[in-house]
Every structure is written in C-alpha cells, then in structure tokens.
Amino acid sequence: MDKTNIKNVAGEKNKELLETPESDNLDRNVFETLKNVFLEEQENNKRKYEELSDHLDKMKTYFDEKINSLKNNTHENFEELKYYLDNLNKKNKDTISESNTFQENIDAIQNDISKLKKDKEENTNLIKSSIRTYFDKMKNKEYSFYEYVFKTI
C-alpha cells in the first residue's frame, strides 16, 4: 500500500507540473476578466456621473426658472395687492369724508338744539319777569287805588 500511495503522489505531482501552464493561463484570464470588469464598471460610473451631472444641471436650470417665475408672480401679485389697497383706501377716505359730513351735520343740529333750549329758557325767564312786573304793577295800582279810595273817604 505504501508503494501505491507513493506512485499516486508522484503521479499527482506530474499532473500538477503539466497543469501549471494552463493554470497560469487561467490566472491571466481571470485577472484580465477582472480588469475588464473593473474598467467597464469605471466607464459605467463615469457615464452615470456625467448623466447625473447633466441631470443636476437641468434641475438647477429648472429650479432657477421656477424661482424667477415665482419672483415675477410675487411682484405682479404685489402690484395687484397694492392696486386693491389703494382703491380700498380711496373708498375709506370717501366714507370717512361722508361720515365726517354726517358728523358735522349732527354737531350743527346739536348746536341748534342747545341754542333753542337757551332761547327757550331766556324767553321763559323773560315771560316770568314780565308777569311778575305786571302783577307788581297791578298790585301797586290796586294799592294806589285803595289808597286813593281810602284817602278820599
């Protein structure tokens, strides 16, 4: 058994020696294949990077356009808002002036009413004083009449 094992081991060594050039060739093929795979991957990555870069540029351009559009719309909306606010202020001024005119009319009426009340009080006081004076004169005449009558008697 020992002899057969030795023959087998020697036979395997011979086989290995025979297979070595093929193994080197296979190793070279594997390395070349790996090199080719890595080169292809590198090219794919470059292409993807360029595509991504182009896509990012397009997105930047798109967003710049949107931002400018929003700026323009904001300016237009601001102008429109300003126009409406100006009209509203104008209407408010008209309403305020109408309200002021109405308030002035009310104030004038209140002044007239207070003047009429004062005139009424003055007239009432004048009438009262006139009536007192009249009654006083009447009393004096009555007394004088009685005095005259009593003097003559």
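Once the Cβ-Cβ distance of residue 93 and residue 63 is raised to the sixth power relative to R0 = 35 Å, the FRET efficiency obtained is 0.20. Between residue 32 and residue 106, residue separation times 0.36 nm minus the direct Cα-Cα distance comes to 16.0 nm. Across the range 118-133, computed HN-Hα scalar couplings (Karplus, 6.51 cos²θ - 1.76 cosθ + 1.60, θ = phi - 60°) run 5, 4, 4, 4, 4, 5, 5, 5, 5, 5, 4, 5, 5, 5, 4, 4 Hz from first to last residue, x flagging Gly and Pro.
No value in this document is a laboratory result; all are computed from the given coordinates. Here the structure is a predicted model, which is why all the values come from computation and not from measurement. Virtual Cβ from ideal backbone geometry, glycine too; neighbours counted across all protein chains shown.
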